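All remarks here apply to the structure that follows.
The values are calculated or read from the model by the stated rules, or taken from the named source; none is laboratory data. Since the model is a prediction, treat every value here as computed from it, not as a measurement. Heads up, the Cβs are rebuilt from the backbone with ideal geometry, glycines too, and the neighbour counts pull from every protein chain shown.
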């Protein structure tokens, strides 16, 4: 979750909201890659999730990273809740999932180096205090009541609200993890094309990265339970957004959609003020019940945009949100997959040609089928395995054309980061399939073995 904003000046006219998004437009040579990933921490001996405080805790990990590796602390009141360094930040999800939000970088080589460095630092700190981390889309054994709550005002507000608007919001908050990538656009038209392709093909990412077949200590009937959770969380702020595919869609359309999403909070002077279910449109008029007479700042608008959770979303960049957290080697595959599709115009055009004939029903059916069956999904005449093979080939071609070398020129491009996905395409097996095979095979139904065998 994002670190809250403050300032930005008062919003004096509604057109500023679209202008805020349009300010993200960048020429191609300034496009960057921002990778985010979350992971679960647990105590090595008990396999219990990490509490916030104590000798083996999230706080201890954050303080260790601060003290040994020079990260600057982010505080909420008396609590350390995050870290910043060199354009990157480390933050906390509600159940203690540790998230790296990487700096905006030019190549997958760089973003992969960043991920590797982060995980090495976390490993160094964790080893000293008897803590481990694991990359999965959902907590396999822990129940909701087992999960700690991180000391962030935003999460306290959201937790109570979730049961009012869906059945799985608290599961999302406390027991799921994801890997995401944030990518730039050059213009409104470029944003539109990229967002349409991103939404339409998000189910392919869900299928390829499916890695959450367990919940509450047993198989859950889905390859990606995390994706299932997002289908019943809060219909007002999730989904595949059919309006994005309508003629005339642009920044203003996104603004109108976002204004209709009920608010969570307003952040003032280090305090989250309860605005649950209230309207940003009323806020613009100075009629927000939570802050009567006040009008929002651009930072309030930026915060509000972080409370919208569709499969892909627009801020000053586009976020790809459909993939489960996973093993170390797949953390670089996710940004590579999307960069290949989005940062080469030929690949992007070909991807759009692939999906432009789908209707809203088809796109949503793919989303559902991906969560249930992963690569084996088959719906509306589309076999996911065949579709994924085609999309990965487009991504590979895009990365080849980009021709961004790594390792001092020894590696000619970024295509090798797709190897983990190509292996899945060859075998027909995603990480979820491999986990289920082990569970029903050598593990003999003992799910505790996942922690030792899949830790970072």
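Before moving on, here are some points about what is shown:
- Residues being part of a strand (DSSP E or B) and within 22 Å of residue 222 (Cβ to Cβ) - total across region 311-356: 6
- Unmet requirement for residue 199, which otherwise passes all of (1) in a helix (DSSP H, G or I); (2) surrounded by fewer than 17 Cβ atoms within 10 Å (Cβ to Cβ): (2)
- Residue check, residue 49 modelled with pLDDT under 95 and either in contact with a helix residue (DSSP H, G or I) (Cβ under 7 Å, 6 or more places away or on another chain) or surrounded by 14 or more Cβ atoms within 10 Å (Cβ to Cβ) (or both): no
- Residue, nearest to the chain's Cα centre (by Cα), within region 260-281, restricted to residues that are part of a helix (DSSP H, G or I) and surrounded by fewer than 17 Cβ atoms within 10 Å (Cβ to Cβ): 260
- Residue 145 being touching a helix residue (DSSP H, G or I) at 6+ places or on another chain (Cβ under 9 Å), surrounded by fewer than 18 Cβ atoms within 10 Å (Cβ to Cβ), at negative phi and without any contact (Cβ under 8 Å) to a residue 40 or more places away in the chain: no
- Meets criteria (surrounded by 13 or more Cβ atoms within 10 Å (Cβ to Cβ), out of contact with any helix residue (DSSP H, G or I) (no Cβ under 7 Å at 6 or more places or on another chain) and within 20 Å of residue 235 (Cα to Cα)) for residue 153: no
- The set of residues in region 245-256 being in contact with a helix residue (DSSP H, G or I) (Cβ under 6 Å, 6 or more places away or on another chain) and under 26 Å from residue 277 (Cβ atoms) consists of 251, 252, 255.
For (1) farther than 15 Å from residue 195 by Cβ; (2) at pLDDT below 95; (3) out of contact with any strand residue (DSSP E or B) (no Cβ under 9 Å at 6 or more places or on another chain), each residue gets a yes or a no:
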position: 317; (1), (2), (3): no, no, no
position: 329; (1), (2), (3): yes, yes, yes
position: 354; (1), (2), (3): yes, no, yes
position: 360; (1), (2), (3): no, no, yes
position: 371; (1), (2), (3): yes, no, no
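- When 347, 370, 403 are checked against the criterion of being over 26 Å from residue 455 (Cβ atoms) and free of Cβ contacts under 8 Å to residues at least 24 places away in the same chain, a single residue qualifies: 403.
- So residue 191, is it within 20 Å of residue 275 (Cβ to Cβ) and in contact with a helix residue (DSSP H, G or I) (Cβ under 8 Å, 6 or more places away or on another chain): no
- When residues of region 408-430 are limited to those that are in a helix (DSSP H, G or I) and touching a helix residue (DSSP H, G or I) at 6+ places or on another chain (Cβ under 7 Å), the one surrounded by the most Cβ atoms within 10 Å (Cβ to Cβ): 417
- Whichever residue in region 67-82 is under 15 Å from residue 99 (Cα atoms) and out of contact with any helix residue (DSSP H, G or I) (no Cβ under 6 Å at 6 or more places or on another chain) and, among such residues, is surrounded by the fewest Cβ atoms within 10 Å (Cβ to Cβ): 74
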